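Taking it in order: structure first as structure tokens, then the write-up.
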Amino acid sequence: MQTSLFKIGDKTLTSRLFLGTGKFGSNFEMEEAILASQSELVTVALKRIDLETETDAILTHLKHPGIHLLPNTSGARNAKEAIFAAQLVREALETNWLKLEIHPDPKYLMPDAIETLKATEELAKLGFIVLPYIHADPVLCKHLENAGTAAVMPLGSPIGSNKGLKTIDFLEIIIEQSNVPVIIDAGIGAPSDAAKAMEIGADAVLVNTAIAVAGNPRLMAEAFKEAVIAGRKAFEAKIAIQQNHAVASSPLTSFLYD
Amino acid sequence: MKTFKSVFGQYDWDSIQSKIYQTSSKEVERSLAKTKRNLDDFLALISPAAQPYLEQMALECHELTKKRFGKTIHMYAPLYLSNECQNICTYCGFSLDNKIKRKTLSDAEIKLETQALKEAGFDHVLLVTGEANYTVNINYFLNAIAQIKEQFSIISAEVQPLSTEEYERLHQAGVYSILVYQETYHQEVYKKYHTKGKKSNFDFRLETPDRIGTAGIHKMGLGVLLGLEDWRTDSFFNALHIDYLQKKYWQTKYSVSFPRLRPAEGIIEPNFIMDDKDLTQLICAYRLWNEDLEISISTRENEKFRNNIIPIGTTSMSAGSKTNPGGYVVDPQSLEQFEISDERSAKEIAQVIKNSGYEPVWKDWDKSYH
């Protein structure tokens, strides 16, 4: 049985696993992993591709039917740079989809909430389908909704850390409140993290490092694919979460029977 | 603008009702086992299948309310400004076809009524009217608010549905919260009870909370008039409405009230009876679903129920209420909206609250925030 489809912008997607294209040992390894993952949306950094040539090394490996490109602005330090990059890549790749990444700090690549909100507002007006990478900040998510974001991509833990869902309490609040799809991005280190993200009701996850640097990226991509499906199925099957309520002996409701 | 109507349109009364009545105890247990609950869980918890779990629900309701609101009960009192009304609502004492003399308070009378509420200790006043748009309209409200503004930290209003722009003006004038009840979400039944007047427009009322939210009012209160239709199905739609609003107008607080149809002069009997067990179950279901929801218990309820419901989810209570304009001082015999049930004074209710180990809270906001 398939899990339910979901929609971002004008696209209906089957796979709830999005992949990153960085850190792979080779483009061939990357391509193999993406195909094994059955992902339909892969993000590629503008800074990594050569928009001048028709036969960019990365892009050639991503040309498969059913795989959509999600260009990202990794490297942009503020809204202005990100908006400029976005327009450039829209023209070159002929897609108005954009993963908005703005991180002024090159060490931890922490997303800048203020600049991201500014850029989202501007880009949405320019007709982009914006998917911003952000902290797991529920209030920011609501502001982004008002700014016209197509989805939100809160982080599970610091990018590249493989630490899993450290922000789970905030992710749950975001999922509960959101009117746009919630895609957990960054920090997902193991298939069990991805399954957990799906179990709590995330719409999708984006994974890169955990697959790219695995001993066998193709096998790991397959493992993530299955974990995401399993987690989503558990969510749709209405998972029982905890059993911790005891019935105490001083009844509050005895007055109803007097 | 997209409103709740588009969400409401996706649901069908009969299928929700049969889903509620077909809920199994296994589904109830699964919902009880969760720590974060959604509307499906709310549906399960208001079902007949959840009745045997009432004590367990009450205990968790108590714990969750204590965690979020502490052991406090917020105090407020209604101030009926007018019983003029152009609507025919067959359950309401103010109904147009109820041929009894009408009254709208003058400035001097508002002052006298206000003094009585201040002397009783109130700092939160709920202004209530019927719907008489020629006389009791936005200008009347703004004037009344200007009269009482200095004396109350919180002014709430339960008046006829207004436009977004009028709500904005009330917000600027210092109104903290607006209450508007759909009465019933069953469209045909709604038409049957609201036969004449502006209120007979179901959609305009349904979209009112959207206008309140757009206007940036701090808090809004929703509810259904329990007794018009099956309370379970109506309450599901009320929760669906709150769920939609909370996601959209996320800076707004929400409260829910549980008016059970009460006797009044010249009105019909309730079609559906909701007993105390049902009401307790409903209160618990709201709390188990939504930890932040404010839950208000009015003097429609009797002494025994009010005494015992304090530790079960309640966050605010009215006391010593009069439901007629001038009821406190200037015209105690004027036409009332309904007979209250708990006639104890504010002082007595405060003592009851203290005896339960709770603190009655009179002031909970400051004018400087407006």
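Each value in this text was obtained by applying a stated rule to the coordinates, not by laboratory testing. What you see is a predicted model; the values in this text were computed from it and never measured. All Cβ positions, even for glycine, are placed from backbone atoms using ideal geometry, and neighbour counts span all protein chains on display.
Relative to the longest principal axis of the C-alpha atoms of chain B, give the angle of the C-alpha long axis of helix B:231-248, reported between 0 and 90° and rounded to the nearest 10°. Helix B:231-248 sits roughly 80 degrees off the main axis of chain B. Taken about its Cα centre, chain B carries a charge dipole of roughly 500 debye when the Cβ of each Lys and Arg holds +1 and the Cβ of each Asp and Glu holds -1.
How do B:149-155, A:127-133, A:224-230, B:361-367 rank on mean C-beta neighbours within 10 Å, highest first?
A:127-133, A:224-230, B:149-155, B:361-367
In this simple spin-label model, placing a label point 7 Å from the Cα along the Cα-to-Cβ direction at both A:Asp169 and B:Lys354 gives a separation of 3.6 nm.
Looking only at chain B, where both bridge partners belong to it, what percent of the DSSP beta bridges are antiparallel (to the nearest 5)?
Here the antiparallel bridges make up roughly 10 percent for chain B.
Restricting attention to the protein assembly as shown, close to 10% of DSSP beta bridges with both partner residues there are antiparallel. Taken residue by residue and averaged, Cβ atoms of other chains lying within 10 Å of the Cβ of B:53-63 number 4. Only Cα sites of region A:6-257 enter the Debye sum here, all with the same form factor; the resulting log10 I(q)/I(0) across q = 0.09 1/Å is -0.39, listed in q order.
Residue exposure proxy: B:Tyr249, B:Tyr185, ordered by other Cβ atoms within 10 angstrom of their Cβ from fewest to most, comes out as B:Tyr249, B:Tyr185.
What dipole magnitude, in Debye to the nearest 20, does region A:6-257 give about its Cα centre under +1 on Lys/Arg Cβ and -1 on Asp/Glu Cβ?
400 debye
Taking the dipole about the Cα centre of the protein assembly as shown, with the C-beta of Lys and Arg at +1 and of Asp and Glu at -1, give me whichever of A:Ile173, B:Ser255, B:Ile312 is farthest to the positive side. Of the listed residues, the answer is B:Ile312.
Dipole check for region B:1-46: with +1 at the C-beta of Lys and Arg, -1 at the C-beta of Asp and Glu, and the Cα centre as origin, the magnitude is about 240 Debye. Ranked by the mean number of other Cβ atoms within 10 Å of their residues, highest first, the peptides B:101-108, A:114-121 come out as A:114-121, B:101-108. In terms of distances greater than 22 angstrom between alpha carbons, the cross-link table entries B:Lys219/B:Lys248; B:Lys101/B:Lys192; B:Lys66/B:Lys354; B:Lys219/B:Lys247 yield B:Lys101/B:Lys192. Summary of packing: across the peptides A:6-19, B:306-319, the per-residue average of other C-beta atoms within 10 Å ranks them, highest first, as B:306-319, A:6-19.
Cys residues of chain B that find no other Cys beta carbon under 4.7 Å: B:Cys85.
Summing +1 for each Lys or Arg and -1 for each Asp or Glu among the other residues whose beta-carbon sits under 11 angstrom from that of A:Ala190 gives +1. Angle between the Cα long axis of helix A:168-177 and the longest principal axis of chain A, 0 to 90 degrees, nearest 10? Rounded to the nearest ten degrees, it is 90.
Across peptide B:246-257, the mean count of Cβ atoms from other chains lying within 10 Å of each residue's own Cβ comes to 2.
Summing +1 for each Lys or Arg and -1 for each Asp or Glu among the other residues whose beta-carbon sits under 15 angstrom from that of B:His62 gives +1. Counting Cβ atoms of other protein chains within 10 Å of each residue's Cβ and taking the mean over peptide B:30-36 gives 5. Only helices enter this figure: runs of n ≥ 4 DSSP H residues, each worth -39500 (n - 2.57), summed and divided by the residues of chain A, yield -11500 deg cm²/dmol at 222 nm to the nearest 500.
If you wrap the protein assembly as shown in the convex hull of its Cα atoms and look at it from every side, the mean projected area works out to 29.8 nm².
Charge tally for A:Trp97 (other residues, Cβ to Cβ under 14 Å; Lys, Arg +1; Asp, Glu -1): -1.
Where the alpha-carbon atoms of region B:4-369 are placed on the principal axes, they occupy 60, 45, 37 Å, in descending order. Only helices enter this figure: runs of n ≥ 4 DSSP H residues, each worth -39500 (n - 2.57), summed and divided by the residues of chain B, yield -11500 deg cm²/dmol at 222 nm to the nearest 500.
Hey, how many Å between the Cα centroid of region B:93-122 and the Cα centroid of region A:169-239? Between the Cα centres of region B:93-122 and region A:169-239 lies a distance of 59 Å. Going by neighbour counts of Cβ atoms within 10 Å, the residues B:Leu64, B:Leu127 line up, fewest first, as B:Leu64, B:Leu127. Classify region B:8-118 from the C-alpha gyration tensor, please: rounded if a/c falls under 1.5, else prolate or oblate depending on whether a/b exceeds b/c. Taking the square roots of the gyration eigenvalues as a ≥ b ≥ c, region B:8-118 is oblate. Mean sequence separation of contacting Cα pairs (under 8 Å, at least six apart), scaled by the length of region B:248-346, corresponds to a relative contact order of 30 percent. Give me the distance between the Cα centres of region B:135-161 and region B:322-370, rounded to whole Å. The distance from the Cα centre of region B:135-161 to that of region B:322-370 comes to 18 Å. Prolate is the label for region B:149-300. Its Cα gyration tensor axes, ordered a ≥ b ≥ c, give a/c of at least 1.5 and a/b above b/c. Taking other C-beta atoms within 10 angstrom as a stand-in for reagent exposure, B:Phe94, B:Phe202 fall in the order B:Phe202, B:Phe94, fewest first.
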